[in-house]
1. Using a Gaussian network model on the chain with a 10 Å cutoff between Cα atoms, which of Asp73, Asp359, Asp323 fluctuates the most?
2. Could you please report the charge total around Gly94, scoring K, R as +1 and D, E as -1 over all other residues with beta-carbon less than 12 angstrom from its beta-carbon?
3. Given charges of +1 on the Cβ of Lys and Arg and -1 on the Cβ of Asp and Glu, with all other atoms neutral, how large is the dipole of the chain about its Cα centre, in debye to the nearest 20?
4. Under the Kirkwood approximation for Rh and a Cα-based Rg, what ratio Rg/Rh is obtained for the chain?
5. Write down the accessible area per residue of the chain in Å², having rolled a 1.4 Å probe over the full set of protein chains.
6. May I ask for the distance between the Cα centers of region 1-55 and region 317-360, given as a whole number of Å?
7. Rounded, prolate or oblate for region 147-214? Axes are the square roots of the Cα gyration tensor eigenvalues, ordered a ≥ b ≥ c, and the cut-off for rounded is a/c under 1.5.
8. Anyone know which of Thr265, Thr218, Thr30 comes out most mobile in the 10 Å Cα GNM of the chain?
Amino acid sequence: AGAVVIIGAGHAGYQLAASLRQHGFSEQVTLLNDEGHLPYQRPPLSKAYLKGTGGPDSLMFRPEKFYRDQNIDLISDRAVSINRAARRVLLASGTSLDYCHLVLATGARNRLLDIPNANLDSVRYLRTLDESQSLRDYITAGQRVIVIGAGFIGLEFAATARAKGLEVDVVELAPRVMARAVTAEISEYFQSRHAAAGIRIHLGVQVTSIESDGSKVTGVSISDGRHIKADLIVVGVGVLPNVELAADAGLPVASGIIVDEHLLTADSNISAIGDCALFASPRFGGSLRLESVQNATDHARCVAAWLTGDAKPYDGLPWFWSDQGPDKLQIAGLTTGYDRVVVRGDRAQAAFSAFCYRDEQLVGIESVNRAGDHMFGRRLLAAHGSITPEQAANPGFDLKSALT
Ligand code: FAD
């Protein structure tokens, strides 16, 4: 092993640099950071950070001293191309870095709205610290905001904005909220909670035009012919993985940078991890691209182990969380492709879980304010275990008894 260069200092890149040193890796480690902040956590950007008054320091993984002490070269620059034959990365500043092993941890970027007026200053996105900071400074009670997209980030923003006294409308093309990610049971619960908080959710429609007074947003038209007034639009319509560096270097890409079960690209000197990676999953069969902290950090740990002589295929169990208003949603496993859903707990008490089954095998658990069910799911599913749907639905069944 020799010098490792990591492109991107998000959750995956930061964790890889830290884990390499934890594993005793003694060669040079360079972490390329193009954001102008020390590496930081993204989840609070649509939650506590947006709500609160804390400064950017509250988001940092580690202070600057950590990188110095750990001998991690944290460089503020951007990779612009990869010369695979020479094993060299060219940077925007004009300098270059030689590598023995290169790791692409380039993450994803906001999918932009492609309609006229979408470039107005009052049309905002939420991915980076700078975007969250400027939104936080921009929103004030009484403003009317339209959130485009009822995914996790759109709904987290909507709940925070409503709590801050804004008038909030959410416009979503799918027939239910978070439709791509959760069961109908969870969608319905959150729809009614957000509606009870005074958020108006418009399903099965899309924004067809943005009206402005020449400089600011004044409203939108939606596909059912209605018009909604607004001072601000926040767009949460998903992300695009940053695959261009890899593609330009001739590496295979599809809906992510294609890697095998060891997270290696077609070039065995280059790995890809986190949001940008489309990885082969022995656990689930086929390939997956996930957008979560768990995925980014577990990928990083797997590559750190590989680079320090402990080569095991990646087998992380997916898990995720989303805080929306007073409710905490937690997901263990992959709740897609299920054929049966069993509810445990009590929706009316705001504490229940949806156990998802495929062919009688438990594949995932979505929990609302039931941290115990979530932790149970993570342990059971990681060990490829299951309980029957009847056991899941039975409040008298002791989950712990299944964890032997
Ligand atoms: P990123 O964090 O996107 O980091 C990639 C980095 O690479 C970026 O800094 C980027 O600027 C940089 N980069 C890209 N190209 C280059 C280049 N050419 N040269 C140098 N640098 C480059 N996940 C959860 O599990 N739970 C949550 O509650 C949750 N909430 C979220 C809330 C928000 C608002 C957002 C935006 C995301 C949230 N996520 C959540 C998702 C989670 O943050 C991501 O899955 C995670 O950040 C992925 O880490 P990553 O390192 O792969 O990518």
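The values are calculated or read from the model by the stated rules, or taken from the named source; none is laboratory data. In this text the structure is predicted, and so the values were computed from the model without any measurement. Note: ideal-geometry Cβ built from the backbone for every residue, glycine included; neighbour counts use all protein chains shown. Note: areas computed on protein heavy atoms with side chains; ligands, DNA, RNA excluded. Shrake-Rupley method; radii C 1.70, N 1.55, O 1.52, S 1.80 Å.
1. Asp359
2. Around Gly94, the surrounding residues sum to 0.
3. 520
4. On the Cα set of the chain, Rg over Rh gives 0.98.
5. 43
6. 30
7. Because a/c hits 1.5 or more and a/b fails to exceed b/c, region 147-214 counts as oblate.
8. Thr218
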